[in-house]
Protein chains: 2
Amino acid sequence: MPKLWNETIEAHRREVRDAILDSTAALAAEKGPLSVTMSQIAEKAGIGRATLYKYFPDVEAILHAWHAREIAGHLARLTEVRDRTDGPGKRLEAVLEAYALITHASHGHHDTDLGAFLHRDSGDHLAHSHRRLQHMVQDLLTEAAQAGDVRADIPPAELTRYCLSALAAARTLPSEAAVRRLVTVTLAGVRPSPH
Amino acid sequence: MPKLWNETIEAHRREVRDAILDSTAALAAEKGPLSVTMSQIAEKAGIGRATLYKYFPDVEAILHAWHAREIAGHLARLTEVRDRTDGPGKRLEAVLEAYALITHASHGHHDTDLGAFLHRDSGDHLAHSHRRLQHMVQDLLTEAAQAGDVRADIPPAELTRYCLSALAAARTLPSEAAVRRLVTVTLAGVRPSPH
């Protein structure tokens, strides 16, 4: 069945928008976020400047939209990993490993001008996403503690801060193998105490 | 035995310098670092403006000197804790707990304009102190691994990043009791694997 006209328009708009975000992120990583111009973005995305301005008012707005899309993608990925894994202990492991690998893979952003730019101005948005992540991990830890896979002598809210803080080290590790070892060590910390 | 004249002068200079640093830090915390003036500092420290300028050229220089003194104090405190504790396992525990408590106690700085100001401009100095901290913790982990108190299946450099990253959560915890629980969990992560 052919798409309805409205769906076709909507799909086209999403494609253009994605092309704008991808082009801007590539230019910002290459030249630094403050040197990118709307003309360069239009050229790289293969659209006219007038069209670009129908989508976004300025470079800053595009970079924030790109960042929001990245973060939403990460959260969607973690949700997917959670929902396809059985058993509270395994689910916790799978989500923390996926989180650590995402943190490792996106570490490039944090070391660059682009990272500094995004983190300076996107406080609210980031804080909201971080809360969603915290809730997801805390629910997994609570569930795993009830199943006896995680120590029950420490509040899940504190174990959540510990896990996310420990796994932030994935940003500075040199390899995925090292990231997996970090996940092993972090999980060892939340196992039920042998005493 | 009375002090020599040179020692007396030196002690006096240190006292004045400390009074300047303390006054500036207090004013910066109260008004924000960018609103503090040299006149206010001189008044609060109980010295003349001309004297103040013999010690420091501007407010920024004083704030950096204050921060350097803080960090040096923290490292000295950790060294002292290390040197008075016997046994590799106990020594690691004592130093990590002291580090977590210091991180917790100084968390106020990081949430304020003063913290933002200091961390923006003191990159090199902070990086140097952080490397000294990393070396200290890595030596303790290596020694504890040799004694069988810490897992030997993961490189001490990686365990160091894990420990310092995990303990950074102390900054956001509400109480010293929670900080001690964080230290317990973090240390559980580095214990020899039971398998």
* Of all the residues that make up region A:1-29, how many are under 22 Å from the mean Cα position of the chain (by Cα) and loosely packed, with under 11 Cβ neighbours inside 10 Å? -> 2
* Across region B:164-179, what is the number of residues that are more than 18 Å from the chain's Cα centre (by Cα) and of a type in the set (Lys, Arg)? -> 0
* **Residues that are facing another protein chain (nearest Cβ under 10 Å) and either acidic (Asp, Glu) or surrounded by fewer than 22 Cβ atoms within 10 Å (Cβ to Cβ) (or both), drawn from region A:138-160** => A:Arg151, A:Asp153, A:Ile154, A:Pro155, A:Ala157, A:Glu158
* Asked: Can you spot a residue in region A:43-63 that is touching a Cys at 6+ places or on another chain (Cβ under 8 Å), at pLDDT 95 or above and among the hydrophobic types (A, V, I, L, M, F, W, C)?
  -> no
* Structure fact -> From the option list A:Ala144, A:Ala178, A:Ala169, A:Ala152, single residue qualifying as closer than 19 Å to B:Arg171 by Cβ and either outside the structural domain of A:Arg82 (by TED's automatic domain parsing) or of a type outside the set (Ser, Thr, Tyr) (or both) is A:Ala169
* Structure fact -> Those residues of region B:166-195 which are at the interface with chain A (Cβ under 7 Å from one of its Cβ atoms) and surrounded by 23 or more Cβ atoms within 10 Å (Cβ to Cβ) amount to B:Ala166, B:Ala169, B:Leu182, B:Val185, B:Thr186, B:Gly189, B:Val190
* When the residues of region B:107-152 are filtered to those that are acidic (Asp, Glu) and at pLDDT 95 or above, which remaining residue is farthest from B:Gly89 (Cα to Cα)? -> B:Asp139
* Structure fact -> Of the candidates B:Leu52, B:Leu78, the one satisfying the condition of being more than 27 Å from B:Tyr99 (Cα to Cα) and either buried (at least 16 other Cβ atoms within 10 Å of the Cβ) or in contact with a helix residue (DSSP H, G or I) (Cβ under 6 Å, 6 or more places away or on another chain) (or both) is B:Leu52
* Within the group B:Gly32, B:Gly46, which residue is touching a residue at least 60 places away in the same chain (Cβ under 8 Å) and not hydroxyl-bearing (Ser, Thr, Tyr)? -> B:Gly32
* With region A:1-119 as the region, which helices (runs of 4 or more DSSP H) entirely inside it contain at least 2 residues that are under 29 Å from A:Leu141 (Cβ atoms) and in the same structural domain as A:Ser175 (by TED's automatic domain parsing)? -> A:59-83, A:88-105, A:107-110
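The values are calculated or read from the model by the stated rules, or taken from the named source; none is laboratory data. All values derive from a computational prediction rather than experimental measurement. Quick reminder, even Gly has a Cβ in these numbers, built from the backbone with ideal geometry, and neighbours come from all protein chains shown.
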